[in-house]
Amino acid sequence: MSVIKALGDQWSKAEFAHQLALVLAQKQEVAQLFGGATSLTTVCNLIAAMSYQADDARFAKDPEHSDRFMLTNSMLISVFHDCFRLLFIKEVQFGGLSQAEQLILALAKRIAVDTAIESLDDAAALQREQMIKFSEQLEGLYIQRRSASRNMV
């Protein structure tokens, strides 16, 4: 029975990634990020792998459309906040993110900046502010690293 449940959870995770890709593809600011080697599908699969949990209430299906997730602005901010935190720590401690991981950080910042705070619940509004603040700190870290590497030459 546990194998069947695990397969069902993986199927749901794949469905979530697919629906996330469909929602993000409709945003013009997102399309601008995907001109390189990494596709939106790859990035959404990575987001789902980092954030999706079958027993998490955020990932409940829409009651009106049982085959769809409720991808509200608050839910998107929450999911990107999960990923952003993990990747922020990885970048600060170890450096060297993959292209897909770098795209997630850029995407998280764009979504946070472009999402109106009025459309969010209190928790998502706080997560939005944290992503914007930490994005600025990350940009400062990148500038610092570039300047340090130039001084070594």
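The values are calculated or read from the model by the stated rules, or taken from the named source; none is laboratory data. In this text the structure is predicted, and so the values were computed from the model without any measurement. Note that each Cβ is placed from the backbone with ideal geometry, even for glycine, and that neighbours are counted across all protein chains shown. Protein only, heavy atoms only, side chains kept; ligands, DNA and RNA dropped before computing areas. Shrake-Rupley method; radii C 1.70, N 1.55, O 1.52, S 1.80 Å.
Annotations
- Taken over region 55-107, residues that are of a type in the set (A, V, I, L, M, F, W, C), farther than 15 Å from Ala21 by Cα and within 12 Å of the chain's Cα centre (by Cα) amount to 7.
- Filter pass, Glu29 being touching a residue at least 60 places away in the same chain (Cβ under 8 Å), among the charged types (D, E, K, R) and part of a helix (DSSP H, G or I): yes
- Subset of region 107-126 (residues that are open to solvent by less than 40 Å² (accessible area, probe 1.4 Å) and either under 30 Å from Ala37 (Cα atoms) or polar (S, T, N, Q) (or both)): Leu107, Ala108, Ile111, Ala112, Thr115
- Selection status of Phe34, open to solvent by less than 60 Å² (accessible area, probe 1.4 Å), over 23 Å from Ser119 (Cβ atoms) and of a type in the set (Phe, Trp, Tyr): yes
- For region 47-79, the candidate set comprises residues that are closer than 22 Å to Glu118 by Cα and β-branched (Val, Ile, Thr); within that set, the residue that is modelled with the lowest pLDDT is Thr72.
Residue-wise test of (1) open to solvent by 40 Å² or more (accessible area, probe 1.4 Å); (2) within 21 Å of Gln99 (Cα to Cα); (3) not in a loop (DSSP other than H, G, I, E, B).
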site	(1), (2), (3)
Val3	yes, no, yes
Ala6	yes, no, yes
Ser12	no, no, yes
Phe16	no, no, yes
Thr38	no, yes, no
Thr41	yes, yes, yes
Ile47	no, yes, yes
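- Scope region 107-131; condition more than 18 Å from Lys27 (Cα to Cα) and part of a helix (DSSP H, G or I); matching residues: Glu118, Asp122, Ala123, Ala124, Ala125, Leu126, Gln127, Glu129, Gln130, Met131
- Scanning region 54-71 for residues that are in contact (Cβ under 8 Å) with a residue 40 or more places away in the chain and open to solvent by 70 Å² or more (accessible area, probe 1.4 Å) yields Asp67, Arg68.
- Within region 42-91, being among the basic types (Lys, Arg) and under 14 Å from Arg128 (Cα atoms) holds for one residue alone: Arg85.
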